[in-house]
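Heads up: the structure comes next, in structure tokens.
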Amino acid sequence: MELTMSIKRELVLASILLFLILGYVKPAAAQVEHISVQKDTCFHDVDKIDGHKLVIIVKARDTTISTPKDFYDLDGIIGLSDSIKLNIIEQLLKFKNDQSICCRKVGKYYYEGIERTCIGKPKSQIYSIQIDALYLINKIVHPYGTSMYSCFPVVVNRETQKEINDCPELIVDYYRIYEKFFEEAKKTNVISNNFNFNTIKYAWFGADPNTIK
């Protein structure tokens, strides 16, 4: 009798555990109703720039994740599935021709448990929405150790070792690298470590000593 009661208790506990697991997984994986990237107008009190900022919005049945207008806090995005992230990346890539000015000045927009010192200091003070979009992709693809890949929202042409924030046509050319990696990731619906955006031709300022003179 005692053995039978023990088995029953174990079955009940197992059923409760299974219910809790299923109840937790469903909202995270299946309840996302809307994903969008919108360009909002903004004015930052410190930087004193009237401009724009891309905002990522993910709406679920019971909650909404929205990234801030004035910073790069993507904590709510990091835990989402790769399929949702790829949806976001696809929308960000559509801003490749947008030369609107971002409302933030160039800065080291990252926070990590172990931070490294970014190499050098860029001359560029402003950047466009087309760069803002790529910088957001960097943080989605490599949420940890971002400073190792892109300290500043400043792109460098490695062949000339010059900053190209004021060369939108070269930034558009750089988009081709991101689009290539996106298409490869979409085939498997997985974002892997092979999504490398610092190339022989283009790189983010401070990615390594060779990106600056």
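The values are calculated or read from the model by the stated rules, or taken from the named source; none is laboratory data. Model, not experiment: these values are computed from the prediction. As a convention, Cβ positions derive from the backbone with ideal geometry for all residues, glycine included, and neighbour counts pool all protein chains shown.
Select from segment 97-141 the residues that are in a loop (DSSP other than H, G, I, E, B) and within 23 Å of Ser36 (Cβ to Cβ) and write down the one among them that is modelled with the lowest pLDDT.
Tyr109
Those residues that are farther than 23 Å from Val190 by Cα and modelled with pLDDT under 90, I need them from segment 142-157; list them, please.
Cys151 - this is the single residue of segment 142-157 that is farther than 23 Å from Val190 by Cα and modelled with pLDDT under 90.
Being at pLDDT below 90, at negative phi and surrounded by 11 or more Cβ atoms within 10 Å (Cβ to Cβ) is the requirement here; does Val12 meet it?
No; evaluated as a whole, the condition is false for this residue.
Within segment 142-155, work out how many residues are part of a loop (DSSP other than H, G, I, E, B) and out of contact with any His (no Cβ under 6 Å at 6 or more places or on another chain). Don't jump to the end; show me each part of the working.
Taking segment 142-155 first, the residues part of a loop (DSSP other than H, G, I, E, B) are 142-145, 149-154.
Subsequent filtering for residues that are out of contact with any His (no Cβ under 6 Å at 6 or more places or on another chain) retains 142-145, 150-154.
Of the residues in that region, 9 qualify.
State all residues of segment 154-166 that are without any contact (Cβ under 8 Å) to a residue 40 or more places away in the chain and either among the aromatic types (Phe, Trp, Tyr) or over 16 Å from Tyr135 (Cα atoms) (or both); if no residue qualifies, say none.
Passing the criteria: Thr160, Lys162.
Here are some residues: Ser147, Ser100. Which one is closer than 18 Å to Asn198 by Cα and either surrounded by 15 or more Cβ atoms within 10 Å (Cβ to Cβ) or touching a Ser or Thr at 6+ places or on another chain (Cβ under 9 Å) (or both)?
Of the residues listed, the single one that is closer than 18 Å to Asn198 by Cα and either surrounded by 15 or more Cβ atoms within 10 Å (Cβ to Cβ) or touching a Ser or Thr at 6+ places or on another chain (Cβ under 9 Å) (or both) is Ser147.
Please pick out the residue among Phe181, Phe195 that is of a type in the set (A, V, I, L, M, F, W, C) and assigned to a loop (DSSP other than H, G, I, E, B).
Phe195
All but one of (1) closer than 21 Å to Lys201 by Cα; (2) among the aliphatic types (A, V, I, L, M); (3) buried (at least 18 other Cβ atoms within 10 Å of the Cβ) hold for Ala185, so report the exception by its number.
Among (1) closer than 21 Å to Lys201 by Cα; (2) among the aliphatic types (A, V, I, L, M); (3) buried (at least 18 other Cβ atoms within 10 Å of the Cβ), Ala185 violates only (1).
Name, by its number, the condition in (1) buried (at least 17 other Cβ atoms within 10 Å of the Cβ); (2) under 18 Å from Phe182 (Cβ atoms) that does not hold for Lys94.
(1)
Determine the pairs where a residue that is under 11 Å from His52 (Cβ atoms), located within segment 123-141, has a partner that is among the small types (Gly, Ala, Ser) and modelled with pLDDT of 95 or more with Cβ atoms under 7 Å apart, the partner being 6 or more residues away or on another chain.
Hits for this filter: Ser128/Ser100; Ile129/Ser100.
Hey, among the residues in segment 51-82 that are in a loop (DSSP other than H, G, I, E, B) and of a type in the set (Ser, Thr, Tyr), which one's nearest to Ser192 (Cα to Cα)?
The extreme case among them is Ser81.
Checking the condition more than 18 Å from Phe71 (Cβ to Cβ) and surrounded by 16 or more Cβ atoms within 10 Å (Cβ to Cβ), which residue from Pro153, Pro122 passes?
Pro122
Please enumerate the residues belonging to segment 157-206 that are touching a strand residue (DSSP E or B) at 6+ places or on another chain (Cβ under 8 Å) and under 22 Å from Tyr144 (Cα atoms).
Answer for segment 157-206, where residues must be touching a strand residue (DSSP E or B) at 6+ places or on another chain (Cβ under 8 Å) and under 22 Å from Tyr144 (Cα atoms): Ile177, Phe197, Asn198, Tyr202, Ala203, Trp204, Phe205.
Among the numbered criteria (1) in a helix (DSSP H, G or I); (2) over 17 Å from the mean Cα position of the chain (by Cα), which one does Lys85 miss?
Failed condition: (2).
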